[in-house]
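*Asks:* I have a structure here, written as C-alpha cells, and I will follow up with some questions on it.
The values are calculated or read from the model by the stated rules, or taken from the named source; none is laboratory data. Note that the structure is predicted; figures quoted are calculated from it, not measured. Note that each Cβ is placed from the backbone with ideal geometry, even for glycine, and that neighbours are counted across all protein chains shown. The protein model used for the area step is the full one, side chains on, heavy atoms only, and it has no ligands, DNA or RNA in it. Shrake-Rupley method; radii C 1.70, N 1.55, O 1.52, S 1.80 Å.
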Amino acid sequence: MNDATGRAAMLARKRSGNWRRVATFRRLLLTLFVVGQTLVACYFLLWVLPYHGGTLVELGLLVLFALLYMWIAVGFWTALFGFVLRLVGGDRHSLLKRHAGAGLEATPLARTAIIMPVYHEPVRWTLSGLKAVYQDLERSGHLDQFEFHILSDSRDPDVWLEEQATWYRLCRELGAEGRMFYRRRRVNLNFKSGNVADFLRRWGRRYRYTVVLDADSLLGADTIVRMVQLMEHEPNVGILQTAPSIINGESLFARVQQFSNRLYSTLFATGLAAIQMGDAAFWGHNAIIRVKPFMEHCGLRKLRGFGLFRGPIMSHDFVEAAYMGRAGYEVWLEPGLGSSFEESPPTLSDELSRDNRWSRGNLQHLWILLFGRRLRLAHRMALLNGVMAYMASPLWLAFLILTTVEAVQMTVASIDYFPEGQGLFPLWPEWRPEWALGLALTTLSLLFIPKFLAILDAVIHGTARQFGGVLRLLVSVLTEIVISVLLAPVRMMAHSRYVVGALLNLSLTWAGQNRTRETTWRDAFLTQFPGMIVAAGWSAFAWSLDPMFFLWSLPVAVPLILAAPTSVLLSRVGPGQALRRWGMLVIPEERVPPQVLEDAREARRNGSEDSVLSAVEAAVVRPRLNRLHQALARNVRRSRRAELLAPLVACCGSEGPASLSRSELSQLFRDRQSLAELHQLAWRAPPDSFWGQRITSLGRNR
C-alpha cells in the first residue's frame, strides 16, 4: 500500500511538471500576442490624437485605451486558442484526454457529499432541481456513494419552514431518509462560504469529496461520477470545475444570455482551460472539491483593511482556488464534462442587481491580489480578471469623459501650439479621421470575430443544426450582437455606479434572486432614468460642439436613451417564446433535453403547492407538519420562554402570525413547546377566529 501511494505521488509530481511547462509556454505566447497587439494599437492612437500624446488629457486617453484594449485582446486570443484547439481535436493535456481509454469507468467511487447552499430561494423550484439530480444518480446505479445536504441560511420563517416541509416531502417521495439532509444555520456568518465552512467543520470528515451546487444548478449523474473518478486518478487535484451551460431561458433577455453562453463559451472555456491548466479559477458551484486539503488550506480569514476591504470575503471562490494552489494542489477547468447547467436572471434589472452584489466581492480581490502571500501568478491574474470584470466599466466611462474634454479643447479653446510647456518649437495639431475609423473598426473586430468563429466551429463540428441550422444560427448571432450593443452602455453606467458605491462601502441588501417576474414600465424608468438624462444631455452637448462628435456619441447615447423600453421588452416572455418557435436563439438542450433536465422540469410542473395556507400557517395547522417542525426545533430554556415566548404564543394564537414581526416568528418556530402550544390553540379556536377560518378554508380545499 505504501509503495502504491509513493508511485502515485511520483506520477502526480511528474504530470505536474509536464503541464506546468506547457502552461508557461502558452501563457508567454498569449502575453506576446496581447502586449504586441496593444502596443501597435497604442501607436496608431498616438497618431490619431491631435497632439500625439503631448497633453495630459491625451496621455490619460492613451493609458486608459491601453488597459481596455489589452482587456479585450485577452478575450479575443483566448477564444482563438479555443478555436484552434478544437480544430485539432481538443487539448491533449486536459484531464479527460489524459485518461481517455484508461479504464476510467471502472474506477470505484469514494464517499461524496452533494451540497446545495440556499438563501431565500423559491423553495419548491430549487429543491425540484436537487430531486432531479438525486433521481439521475439513482438511475445510474451509483447512488450508494452519495449523500445530499441542503444548507439553508434563510431567515424568513415562511421560507425556511417551507424548506423543511419540502425536504421532508422529498425524503418520503424518494425514499431518501438517511441520505438527504437539511440543516439551517441560526447564525449567518460569512455568507455562502461560511455556510459551506460550517458544514465541513461538522460533517466534512465523513466524505472524501463534496460536489457544490447552486440553487439554480443541475448536474447529470454521468458528469458527477466522472468527476469523482477523475479525482480518484489525480490525487494532486484539489478542485475540478465544470463549464456550466445556461438553460431554461423564457424571457427574451434570458434566451439571449442562454444562446450566447451555449454557443460562445465552447471556444472561450476551451481556450481558458488550455491557458490556465492546473491553475484554473473556481466559480463556486458545479464543481467537485477534495475535502481534506480544502478544510486545511482554504479557510477564509476576514480582511483587515478599511471600508470594503475589511470584514468577511464576499466572493470566496477565486480566493479558495488561489489558496488551494498555494498549498500545492491543482485546480482544473474541464470543458469536456457535459450535463452541467445553471440559470441566468430573467431580466436586465435582475442581472444588474446580481452584479451589484458580485461587484463588491470581486473588488475585494484587489486587497488579496496586492497583499495575499505566496499566491501563484496565474491565480493573481484570475483575481485581476475578476476585478476587471467590473472596473472596465468606470474605465470606459473615464475614457468617454476624456474624449469629451479633448473635443471641447479642440472646438472651443484656441489651438495651443506649446501644450504643457513643451519644447521650443510649436506642435501642430493633426487630424487623421481615416486612422481613427480604422482603429475603431479593429477594436470592434476583437469583440465580434470570436462570435463568427463560434459559428464556423459549429459548422465544422456538425452542431449547427442543433442551433436551428446555419442560416438561423447566423441570424441568431446577429440578433445577439444587436442586443449586446444596446446593453453595453447600460451595463457600463450601472457597473460604474456599483464600483463607486462599493469603494465608498455603501450598504447593500442581500436577497434571493427573482426567476419569473417581468420588468414593469415604472421600474424600468425608475432604474434607467438617470442614465437616459445623462445620455440625452451628453448628445445635445456633443451636437452643440461639433456634428462629427455628435455622430461619434450616438453608439453610446442612443442605447442609454432607449434603456427603459429595452429593459421592458427584453424582460417579456412572449417575444422570447416567439423567437423559439421560429427556431431562433435555440440551444441543443432545447431540441434534445438531457434526462436530468427533463426530470427537473417535470418535478416543477407537478410539484404540489399549498395555495391555501402560508408555510407559517401550515406549520401551525397541519398535524404532520407541526410534528415535523417540532422534531427539528429545540427546547428553549424556560427562563427565556417565560419572559419572551409565552406572550408571543398568546399573541400569535389569538391574532395570527401577522401580529408578530419576522424575528418574533423565527423565535417562536425555533421552539418545540411553542409549536405544540400554537397547534393546540389553533385547533381549539372558535370558527370565526383567524385560526378557525384558516382551518375551515383548509377543509374546503381538500
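*Asks:* Being touching a Phe, Trp or Tyr at 6+ places or on another chain (Cβ under 6 Å), open to solvent by less than 30 Å² (accessible area, probe 1.4 Å) and at pLDDT 90 or above narrows it down to one of Leu628, Leu678, so name that one.
*Replies:* Of Leu628, Leu678, the one residue that is touching a Phe, Trp or Tyr at 6+ places or on another chain (Cβ under 6 Å), open to solvent by less than 30 Å² (accessible area, probe 1.4 Å) and at pLDDT 90 or above is Leu628.
*Asks:* Still on this model: For Ala269, are the conditions met, namely being open to solvent by less than 10 Å² (accessible area, probe 1.4 Å) and in a helix (DSSP H, G or I)?
*Replies:* no
Residues are listed down the side, and each one gets a yes or a no for (1) within 31 Å of the chain's Cα centre (by Cα); (2) among the acidic types (Asp, Glu); (3) within 26 Å of Ala392 (Cβ to Cβ):
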residue: Tyr51; (1), (2), (3): no, no, no
residue: Gly60; (1), (2), (3): no, no, yes
residue: Val74; (1), (2), (3): yes, no, yes
residue: Thr78; (1), (2), (3): yes, no, yes
residue: Phe81; (1), (2), (3): yes, no, yes
residue: Pro117; (1), (2), (3): yes, no, no
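*Asks:* Still on this structure: Which numbered condition in (1) in contact (Cβ under 8 Å) with a residue 60 or more places away in the chain; (2) part of a helix (DSSP H, G or I); (3) crowded, with 21+ Cβ neighbours inside 10 Å is the only one that Glu163 fails?
*Replies:* For Glu163, the failing item is (1).
*Asks:* Looking only at the stretch 394-412, how many residues end up being open to solvent by 50 Å² or more (accessible area, probe 1.4 Å) and at pLDDT below 85?
*Replies:* 3
*Asks:* Further question on the same structure: Go through Gly423, Gly462 for me and flag whichever is modelled with pLDDT of 90 or more and part of a loop (DSSP other than H, G, I, E, B).
*Replies:* Checking each option against the conditions leaves just Gly462.
*Asks:* Can you go through Glu320, Glu334, Glu330, Glu250 and tell me which one is modelled with pLDDT of 95 or more, within 30 Å of Val477 (Cα to Cα) and acidic (Asp, Glu)?
*Replies:* Testing whether each residue is modelled with pLDDT of 95 or more, within 30 Å of Val477 (Cα to Cα) and acidic (Asp, Glu) leaves just Glu334.
*Asks:* Also: Do any helices (runs of 4 or more DSSP H) entirely within the stretch 661-700 hold 1 or more residues that are basic (Lys, Arg), within 41 Å of the chain's Cα centre (by Cα) and within 18 Å of Gln164 (Cβ to Cβ), and if so, which?
*Replies:* 662-669, 672-684
*Asks:* So, in the stretch 74-110, exactly how many residues are polar (S, T, N, Q) and assigned to a loop (DSSP other than H, G, I, E, B)?
*Replies:* 2
*Asks:* Which members of the stretch 228-247 meet the condition of being in a loop (DSSP other than H, G, I, E, B) and either in contact with a strand residue (DSSP E or B) (Cβ under 8 Å, 6 or more places away or on another chain) or buried (at least 24 other Cβ atoms within 10 Å of the Cβ) (or both)?
*Replies:* Scanning the stretch 228-247 gives Glu234, Asn236, Thr242, Ala243, Pro244, Ile247.
*Asks:* How many residues are assigned to a loop (DSSP other than H, G, I, E, B) and either under 16 Å from the mean Cα position of the chain (by Cα) or aromatic (Phe, Trp, Tyr) (or both) when one looks only at the stretch 248-264?
*Replies:* Qualifying residue count, the stretch 248-264: 2.
*Asks:* If you go through the stretch 265-286 one residue at a time, how many are under 18 Å from the mean Cα position of the chain (by Cα) and not aliphatic (A, V, I, L, M)?
*Replies:* Counting residues in the stretch 265-286 that are under 18 Å from the mean Cα position of the chain (by Cα) and not aliphatic (A, V, I, L, M) gives 8.
*Asks:* Do we have any residue at all in the stretch 476-489 that's under 21 Å from Ser393 (Cα atoms) and out of contact with any helix residue (DSSP H, G or I) (no Cβ under 9 Å at 6 or more places or on another chain)?
*Replies:* yes
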